[in-house]
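The next block holds one structure in the form of structure tokens; read it before the comments.
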Amino acid sequence: MKGIKMILGALAAASLLFSVNAFAQENANRDENGKVVRGAYETNKAFDNTWIGLGAGWNAGLNLQNQSGIPFAQGIGGLAVDVSLGKWWTPFIGGRINWLGLANNVLGKDGAPLNPAQHFITGDLLWSLTDSFWGYKETRVWNVAPYLSGGLAITPASAAEWIYGGGILNRFYLSNRVDLLLDFRAMVAKASWYGVEVNKSIGRFEFPLSATIGVAIKLGKTGFNRHSSITPVVIPVPFTTEQYNALADKVAALEKENAELKDKIAALEDEVAPLRELVDGQTYLYENGKFTAVDVKPGSPITLYFDCGSAKLSEREKAHFEYFANTVVDGDTKLAVNGYADKQTGSAKRNQQLSEQRVKTVVDLLLKAGAKEENIESAAHGATVQLFDGAAKNRVVTVELQ
């Protein structure tokens, strides 16, 4: 009887905890308007939302009596082991095939043990009470599913016997692949299932009870998807004559406005048509509504400055020269190159040599850039001519278009 009390106590505790769970998860799955989300959900595939369950626990049987009311046998209690293969067809309805093995020390009238090994093979129909009332949520911590059960009971000492009942399956979410299971089951079978001689006088039933704890390994896809869109129901609303005429006038006004906009777009297209033919990077002269391409060359002269006593261009001045050469110089370009030196440093002879060397440096660069020698006029003035104020500014070579 101790085992029976334990089972009944567990069932009572489960009922209490279920009430707490209902209130705790009432707001677990609501939409932005506070309404519980219940579907509709897409149909899952064959192996989606399936699981394999393994569990172990305790079992006991209610007292068995003969027709005279004298106790015939009683369940002392023992180990219960179950293995199941299940599937949720929807978030609310599922099923499983379950094997439950019991090692129950049942004693007969003479005190001898009867049928210590019992096997239940059942099919269970499950209803997810939590998802049905509070909406489906894959990561909900606790889901409660009552179920109906039916199948065969088998013992070594007797033939198979039909057995019926039900229970409560509690699923605790651990991860997307693993659930903790707590299963409370109560079944009913003929007492004659014990298969002993005194069975001829038995007219009552046996009530096996079990409680197991275990894990479920989830296979395939582990959740359900809601339909992305649901076609709304359109209810036709009758129009009055005044409403119809008002809508017709509005449609006519919009059509007129649309035609005017089309005309404006066509006029703008005509205006911008000449612009579509312009080439990016080309300079144009716009006169009398027409664009004429023109060649624009950088202004001249350009000035190239040298360091004191040097006839070499710095990197900065080379970049200055390269830009001029790339945009202006070709085989037909006529150029005048003049070199200078500052009179504040060096002798007249040295300054003349420096200006000549500087002119040669620039002329060589112009020839490399594509200019022809016969188109270049060059002169070195030493320090006899000072173009600018200050010594640094007069260490210079000028290049001018002819």
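Things to note:
- Ordering of 379-386, 395-402 by burial proxy (mean other Cβ atoms within 10 Å per residue, highest first): 395-402, 379-386
- Ignoring aspartates and glutamates fewer than eight residues from residue 221 along the same chain, the ones with Cα atoms less than 19 angstrom from its Cα are 42, 48, 131, 138, 179.
- Fraction of accessible area attributable to carbon and sulfur, the range 257-402 (%, probe 1.4 Å): 49 percent
- Pairs over the 32 Å Cα-Cα cut-off, from the set 372/393; 137/190; 45/190: 137/190; 45/190.
- In the context of the full set of protein chains, the range 259-388 has a per residue accessible area of 68 Å² (1.4 Å probe).
- Order by protection proxy (mean Cβ within 10 Å, highest first), peptides 92-102, 255-265, 360-370: 92-102, 360-370, 255-265
- Rough spin-label spacing in nm, given labels placed 7 Å along Cα→Cβ, for residue 315 and residue 327: 2.2 nm
- Pairs exceeding a 31 Å alpha-carbon distance, out of 312/334; 318/343; 290/318: 290/318.
The values are calculated or read from the model by the stated rules, or taken from the named source; none is laboratory data. Worth saying up front: this structure is predicted, and the values here are computed from it rather than measured. Heads up, the Cβs are rebuilt from the backbone with ideal geometry, glycines too, and the neighbour counts pull from every protein chain shown. The protein model used for the area step is the full one, side chains on, heavy atoms only, and it has no ligands, DNA or RNA in it. Shrake-Rupley method; radii C 1.70, N 1.55, O 1.52, S 1.80 Å.
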